[in-house]
Amino acid sequence: MNNWRDKKTSNFTLAHFGLVFLFLAIALIISATTYWSVFLEPQINDYSRTQSNLIAQSQSWILADELDKDVVKEQSLIERMDEILILSDQETEIPYIHGISIEVDDVKNISPVISRGDISCKDCFNIKIPLYTKSNYELIGLANFYSNNDLYNFVLDNIRSKIIISLALTMLLIAIAWLIIWKQINKTREEDKKIQ
């Protein structure tokens, strides 16, 4: 009767240890997933959108200056747009902006809408910036910048893969710890049997 109780207690202990490690693994996965989806991904998105907005804002001044000239030439405006489109990150060589579209009112000798680059980019950040004259801050047009989000996706993929690797290593360590404890309990049980 005593042996039966000892066996039941040791099995009960093994089951408890298994449940504790399983609970730890599930809690770790849930906390990492929650942290990623609730905090980290939105933060990266906001940061990337802000950076894209700053780049578009600085480039909109060039376009506003071109539109503010006494004689506006469509060809020189297109050249300025092309210069903006070839700007890229020095390290990754990813272009900052895929496309630009400008809507202009009451400007002679140029089309009401001028676009360059890829303005059908669905994954891009679409940033609309009003264009004003420097002299009297009169609205002379609206620029739509289709800002590249490849850098944002690159950062997301990079961080996501690091989190997955860290989770996999942690799960492996939890499994190894459980295996060591399980072997230790079995070893103790065998020694108890020998003593009895």
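Remarks
- Output for the range 111-156, where each listed residue is among the hydrophobic types (A, V, I, L, M, F, W, C) and assigned to a loop (DSSP other than H, G, I, E, B): ILE119, CYS121, CYS124
- Unique residue being within 15 Å of the chain's Cα centre (by Cα), touching a residue at least 40 places away in the same chain (Cβ under 8 Å) and within 30 Å of LEU22 (Cβ to Cβ) when the list is ILE159, ILE181, ILE164: ILE159
- Within the range 96-108, the set of residues being in a strand (DSSP E or B) and open to solvent by 30 Å² or more (accessible area, probe 1.4 Å) comprises HIS98, GLU103.
- Count of the range 14-29 residues which are modelled with pLDDT under 80 and either among the aromatic types (Phe, Trp, Tyr) or not in a helix (DSSP H, G or I) (or both): 2
- Looking across SER88, SER115, SER166, SER111, one residue alone is modelled with pLDDT of 90 or more and surrounded by 12 or more Cβ atoms within 10 Å (Cβ to Cβ). It is SER115.
- Residue tally, condition open to solvent by less than 40 Å² (accessible area, probe 1.4 Å), over 32 Å from the mean Cα position of the chain (by Cα) and in contact (Cβ under 8 Å) with a residue 40 or more places away in the chain, over the range 51-85: 1
- Checked against (1) in a helix (DSSP H, G or I); (2) within 29 Å of ASN148 (Cα to Cα); (3) not β-branched (Val, Ile, Thr), GLN90 meets all criteria but (1).
- Number of the condition not met by TYR137 [criteria: (1) hydroxyl-bearing (Ser, Thr, Tyr); (2) touching a Phe, Trp or Tyr at 6+ places or on another chain (Cβ under 6 Å); (3) at positive phi]: (2)
- Yes/no for ILE102 being under 17 Å from ILE55 (Cβ atoms) and in contact (Cβ under 8 Å) with a residue 12 or more places away in the chain: yes
- Identity of the residue in the range 184-196, β-branched (Val, Ile, Thr) and either free of Cβ contacts under 8 Å to residues at least 24 places away in the same chain or touching a strand residue (DSSP E or B) at 6+ places or on another chain (Cβ under 7 Å) (or both), that ends up farthest from ASN45 (Cα to Cα): ILE195
The values are calculated or read from the model by the stated rules, or taken from the named source; none is laboratory data. Source: prediction; values computed, not measured. Every residue, glycine as well, gets a Cβ built from its backbone with ideal geometry; the counts of neighbours run over all protein chains shown. Quick note on the areas: whole protein, heavy atoms, side chains included, nothing else; ligands and nucleic acids left out. Shrake-Rupley method; radii C 1.70, N 1.55, O 1.52, S 1.80 Å.
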